[in-house]
């Protein structure tokens, strides 16, 4: 496939191709709708570029394969959808504890339980606050277009290597199934020095040991402090966001991410046509939440409206930043139902009444 | 140029997803913004499959359309499901080979196409989807027919024999109907 060419691609396939172009040569996963085109694409493409595609016997297995291969220093990834991600969570915690870079793609579907296979944003809390047991975090990137999904995949591999930590790309069934034009970046793959990797012991150094077991509580405490020094650097340096139509400091600001944000943009354009002053604040990093940028918007805003494809999970982060001085209202639909432009417009009109 | 959005619906296997991709690709190659969104899920088995294509000069926000400006309906279930959703004054392309009723609404521009029979005549009934696509492109007149023709040829370039030619001919027949329609 030639570079710098506009191609019409499904989100899932574009994500897979972007991963390969970011130097990923090892994929481990287990099938689940609506992300099956990622493993399908990987199973076809990885052997062509000297990589390994391996379908595990379970999600738990797949996440531990990330641990093994990632521990040798190669770029690894998995992808799954909500219930599958929950099953992988044990392995994710081990990756964090052992500081192994990996990229995890979650194409969210409706829950809880087996739920359905339609687009949802019900895993915001799981990805940003949970992602396995213990004290840890992972950067969570939330693309809003197929092009952004491509761009964020390259970033995800870099952030994973830079911080020696798993990095999550959190999309939903709509981003996964939709086709849009994409251009793959021509930037060369960044190569990170990995002196910690378990690649066989040369005579020049001691064994590299990759481990998350620290039976001495004070030793584990020191390790967790070390991890959190890293997370603090992530919080300081990795907050990302986009603003849309906020230049004239509109009194109403919608907060939404991913698919929901682009639907909100259409609603905002329609509302602007009728004279309603309104804009959008879109977190690109769901973790670390773009606290600094949102804080800067609070002063000029009268009311915030969080819109999500869930019963309201990101809204807690918005409320944390906005505080009690401004109302933060909510509109969302759970279960894989996508809030429409018309419904958002209706909700905004209710606010002004 | 105006933006456009169209729902394409029919049985799974009638090639609605395919003509959606072809239209989106043609518009993309003309430098426009496009989204193609399929319905996916258990409803596709034996029921109707559909996709929504949006074409715009600006970045596209919502890829979901509640009231499309046009619909291509290839079977009975699809006209029943999508005729009521089309925006007032919008366009409805009806495959009269498989739909034995007229459109119920009088506030739509309706074009009836004997898609299966025309496609059969051009070499294969399977190309009925191309006839419908042609009628749509001819009626809407935003994406150039040449670009669509090119995208069709590109789509079938790996197929043996005259499959590509049959599909292009079916498209051109539909195009004549759409262009001539009031």
Check on residue A:294, touching a strand residue (DSSP E or B) at 6+ places or on another chain (Cβ under 7 Å), surrounded by 18 or more Cβ atoms within 10 Å (Cβ to Cβ) and away from chain B (no Cβ under 14 Å): yes
Pairs, first facing chain B (nearest Cβ under 9 Å) and within 12 Å of residue A:13 (Cβ to Cβ) in region A:166-180, second assigned to a loop (DSSP other than H, G, I, E, B) and modelled with pLDDT under 95, C-beta under 7 Å, six or more apart: A:177/B:40
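State which residue is farthest from residue B:143 (Cα to Cα) when the search covers only region B:59-74 and only residues that are more than 9 Å from chain A (Cβ to nearest Cβ) and more than 12 Å from the chain's Cα centre (by Cα).
The first filter runs over region B:59-74 and keeps only residues more than 9 Å from chain A (Cβ to nearest Cβ), leaving B:68-74.
Still in the list and also more than 12 Å from the chain's Cα centre (by Cα): B:68-69.
Values: B:68: 17, B:69: 15 Å.
Ranking the qualifying residues of region B:59-74, first place goes to B:68.
Looking at residue B:93, is it touching a residue at least 12 places away in the same chain (Cβ under 8 Å), more than 24 Å from residue B:164 (Cβ to Cβ) and away from every other protein chain (no Cβ under 14 Å)?
Numbers: touching a residue at least 12 places away in the same chain (Cβ under 8 Å): yes; more than 24 Å from residue B:164 (Cβ to Cβ): no; away from every other protein chain (no Cβ under 14 Å): yes.
No: the conditions fail for residue B:93.
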Evaluation of residue A:259 against (1) crowded, with 18+ Cβ neighbours inside 10 Å; (2) assigned to a strand (DSSP E or B) (one fails), failing number: (2)
Meets criteria (touching a residue at least 60 places away in the same chain (Cβ under 8 Å), under 22 Å from residue A:11 (Cβ atoms), crowded, with 24+ Cβ neighbours inside 10 Å and under 16 Å from the mean Cα position of the chain (by Cα)) for residue A:103: yes
Residue match in region A:36-50 (condition: touching a helix residue (DSSP H, G or I) at 6+ places or on another chain (Cβ under 7 Å), part of a loop (DSSP other than H, G, I, E, B) and either closer than 23 Å to residue A:119 by Cα or in the same structural domain as residue A:157 (by TED's automatic domain parsing) (or both)): no
Cβ-Cβ under 7 Å pairs, at least 6 apart or on other chains, region A:144-165 side away from chain B (no Cβ under 14 Å), far side crowded, with 24+ Cβ neighbours inside 10 Å and part of a helix (DSSP H, G or I): A:150/A:14; A:150/A:18; A:153/A:15; A:153/A:18; A:153/A:19; A:154/A:18; A:165/A:96
Residue that is in contact (Cβ under 8 Å) with a residue 12 or more places away in the chain and surrounded by fewer than 23 Cβ atoms within 10 Å (Cβ to Cβ), where the choices are A:327, A:283: A:327
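Scan region A:210-250 residue by residue and report those that are part of a loop (DSSP other than H, G, I, E, B) and under 26 Å from residue A:143 (Cα atoms). Can you show your working first?
First, the residues of region A:210-250 that are part of a loop (DSSP other than H, G, I, E, B): A:210-216, A:238-240, A:245-250.
A:238, A:239, A:240, A:245, A:246, A:247, A:248, A:249, A:250 - these are the residues of region A:210-250 that are part of a loop (DSSP other than H, G, I, E, B) and under 26 Å from residue A:143 (Cα atoms).
Which one of A:28, A:92 is in a strand (DSSP E or B) and more than 18 Å from residue A:151 (Cα to Cα)?
When all the criteria are applied, what remains is A:28.
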Candidate set from region A:297-324 (those that are within 19 Å of residue A:121 (Cα to Cα) and surrounded by fewer than 17 Cβ atoms within 10 Å (Cβ to Cβ)); member that is nearest to the other protein chains (Cβ to nearest Cβ): A:311
Options A:31, A:83: the member that is touching a residue at least 40 places away in the same chain (Cβ under 8 Å), closer than 23 Å to residue A:172 by Cα and either in the same structural domain as residue A:120 (by TED's automatic domain parsing) or surrounded by fewer than 21 Cβ atoms within 10 Å (Cβ to Cβ) (or both): A:83
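The values are calculated or read from the model by the stated rules, or taken from the named source; none is laboratory data. None of the values given here were measured: they were computed from a predicted structure. Ideal geometry is used to build each Cβ from the backbone, glycine not excepted, and the neighbour counts take in all protein chains shown.
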